[in-house]
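The values are calculated or read from the model by the stated rules, or taken from the named source; none is laboratory data. Since this is a predicted model, take the numbers as computed values, not measurements. In this analysis, Cβ positions are derived from the backbone assuming ideal geometry, glycine residues included, and neighbour counts consider all displayed protein chains. Note: areas computed on protein heavy atoms with side chains; ligands, DNA, RNA excluded. Shrake-Rupley method; radii C 1.70, N 1.55, O 1.52, S 1.80 Å.
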Amino acid sequence: MTFIAGNATSFPSVPAPAYDRSRVTTGIVHFGLGNFHRAHQAMFIDGLMTAGQAYDWGICGVGVLPGDIRMRDVLRAQDFLYTLVLKHGDGSLEPRVIGSIHDYLFAPDDPEAVIAKLAAPTTRIVSLTVTEGGYNVERTTGEFDVTNPAVLRDAATPRAPLTVFGLIVEGLARRRSAGVPPFTVMSCDNLPGNGHVAKRAIVTYATLVDADLARWIAKEVAFPNSMVDRITPVTTDEDRAMVKREFGINDGWPVVAEPFVQWAVEDRFTLGRPAYENVGVQVVDDVEPYELMKLRLLNASHQGMAYFGTLLGHTYAHEAAGNPLIAAYLRRYMDDEVRPTLQPVPGIDLDDYIASLFERFTNPHVADTLARLCVDSSDRIPKFVLPTIRANLASGGPVALGAALVASWARYVEGTSESGRQITVVDELRDELVPLALQQHDAPTTFIEYGPVFDDLAAEERFRDAYTAALEGLHRNGSSAVLASLLGR
Ligand code: NAD
């Protein structure tokens, strides 16, 4: 059985849109339509449509990078339908065909079509999952990088932009001239204060084009912060084969994910929003407590298993999380170093949350790779791990376990596992970081003296001492010995 354009009800064993997709119109334009969006917001909107709501909140995906051509072609070939398969811990599979995406534009094909979509009064939300690195933030200053050639190019030809920022700002400019109120810009990326980051990027870019427009955007556009959660690995050929074998669907790009899902979003929207709360989204006044909980417990623990796990020869997250030493280390890290830095989180019991993390991490069927968790560490460590260390340095709290996590990353960047297997470091700062890591046998603080990632953290004695002790232990005795010693075993 294949996806048949316009007919989504032909998969007997799989729940599929029974609603009339020809009635769906674009209310949301989404940039960076990758796996996560398809397992998250698109699923929530599909849930609303299934309940007979939100037909005017259909999603039009937009890609701006060459890598998005494949998504354009796959989605167009199957009427924008795709299969989301949740993989439960007991091995059972929960499939569902998602129908809320009803259009996809690849911006380089026709930037004007994207701008027209953004300018249309019916478009009321522009959401983003363009990765942590996609906001073009200059690492040392935390400001939008106005020297980026793609940004400069757009600023010089603002009517024909190619970046996310250029397209959004031109869309807003056209709305302003036409007297149409602005849409909401909703970042769904894993960044602390993701709404603030998106606002800074878009307003700063706009100042390069038109200072008046920039002021209007700063005043009139809503940029709600959000916390998003669902482990969504990269789709493999085996996943494609599984969807065909188990459900009879030829899907060019299905998505697999864990069953757990969470989304907390601030209730600040310029032109309304779908009734997200009807499908389990937490619509809140302030997302910060949720966000800190998630980034510092879940995302930081992923980092904690990624490098120790890779050094020890594990391939998958569940293997690393199932390693008793890594599991005990993560538990201690969360309890002793992270929890004291968190505010109370309305409606959430942190003990239950931490327990649920271990269930999620050890689900073997999700098959999340450590390699995915190690991509662009230099973007992740400063957002997920260093804020906890800084908070503990300020409060007099412990930092040894966080420092060891940073040391495991530094050791990983040397490029070989403990059994001598080669590690491919995939990081924007690879060319800067690898040579620093290779010097650290002789000069153990070189890596953490790299300002764009660590700022002046190396000057903090308590952190530096704990870090160098862990790094020396990793060089001499390896990860297991370091973890055992941190645990007092
Ligand atoms: P993906 O690789 O499937 O998709 C990423 C998308 O972002 C692609 O369309 C890509 O072209 C686009 N992109 C990357 N850099 C860009 C740039 N500079 N400008 C414009 N577009 C850019 O990845 P994914 O799994 O969908 O994850 C995307 C983001 O979602 C993550 O980085 C994270 O912030 C958030 N997220 C992911 C997960 C997960 O488990 N995968 C969980 C929570 C949050």
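General remarks:
- Stokes-Einstein, applied to the Kirkwood radius of the range 128-231 over Cα pairs at a viscosity of 0.890 mPa s and 25 °C, places its translational diffusion at 177 µm² s⁻¹.
- Residue-by-residue Karplus 3J(HN,Hα) for the range 462-471, coefficients 6.51, -1.76, 1.60, Hz, glycine and proline x: 4, 5, 4, 5, 5, 5, 5, 5, 5, 5
- The value of relative contact order for the chain, using C-alpha pairs under 8 Å at least six residues apart, is 13 percent.
- Split the accessible area of the range 283-357 by element, probe 1.4 Å, and carbon with sulfur accounts for 48%.
- Qualifying trypsin sites (Lys or Arg not before Pro) for the range 367-429 [loop in DSSP, other Cβ within 10 Å: at most 14]: Arg421
- Net charge dipole, the range 175-302: roughly 400 debye, given to the nearest 20, about the Cα centre with Cβ charges of +1 for Lys and Arg and -1 for Asp and Glu.
- Derived value for the range 49-153: Kirkwood hydrodynamic radius 16.7 Å. Basis is the mean of 1/r over every pair of different alpha-carbon atoms.
- At most 13 other Cβ within 10 Å, DSSP loop - trypsin sites (Lys or Arg not before Pro), the range 87-183: Arg159
- Report summary: the helix-based calculation at 222 nm, which adds -39500 (n - 2.57) for every DSSP H run with n ≥ 4 and divides by the residues of the chain, gives -12500 deg cm²/dmol.
- Under-5 Å amide H pairs with Val283, H placed in peptide plane, nonlocal only: Val265
- The Kirkwood hydrodynamic radius of the range 86-133, based on inverse pair distances between different Cα atoms, is 14.3 Å.
- Surface exposure of the range 21-284, expressed per residue as accessible area with a 1.4 Å probe, stands at 35 Å².
- Scanning residues 5 or more positions from Tyr316 or on other chains, those with amide H under 5 Å from its amide H are Leu370, with H placed 1.01 Å from N in the peptide plane.
- P(r) weight above 16 Å for the range 398-449, C-alpha pairs, percent: 41 percent
- Percentage of interatomic Cα-Cα distances in the range 271-345 larger than 20 Å: 47 percent
- Carbon + sulfur, % of accessible area of the range 383-439 - ligands and nucleic acids excluded, 1.4 Å: 52 percent
- Cα Rg over Rh - the range 288-486, Kirkwood: 0.94
- In order along the range 203-208, the phi-based Karplus estimate (6.51 cos²θ - 1.76 cosθ + 1.60, θ = phi - 60°) of 3J(HN,Hα) comes to 5, 5, 4, 4, 5, 6 Hz; Gly and Pro are listed as x.
- Measuring spread by the Cα atoms of the range 21-284 yields a radius of gyration and Dmax of 18.1, 57 Å.
- Amide proton proximity set for Val256, modelled H, under 5 Å, gap of 5+: Val85
- DSSP-defined antiparallel bridges as percent of all bridges, the range 6-97, nearest 5: 50 percent
- Packing, as the average of other Cβ atoms within 10 Å across residues, places the peptides 434-441, 457-464, 43-50 in the order 43-50, 457-464, 434-441, highest first.
- Accessible area per residue (1.4 Å probe, heavy atoms of protein chains only) ranks Val453, Val209 as Val209, Val453, with the largest value leading.
- Solvent-accessible heavy-atom area per residue, rounded to whole Å², over the range 315-433 at 1.4 Å: 39 Å²
- Ellipsoid equivalent to the chain - semi-axes via the Cα gyration tensor, in Å: 38, 28, 20
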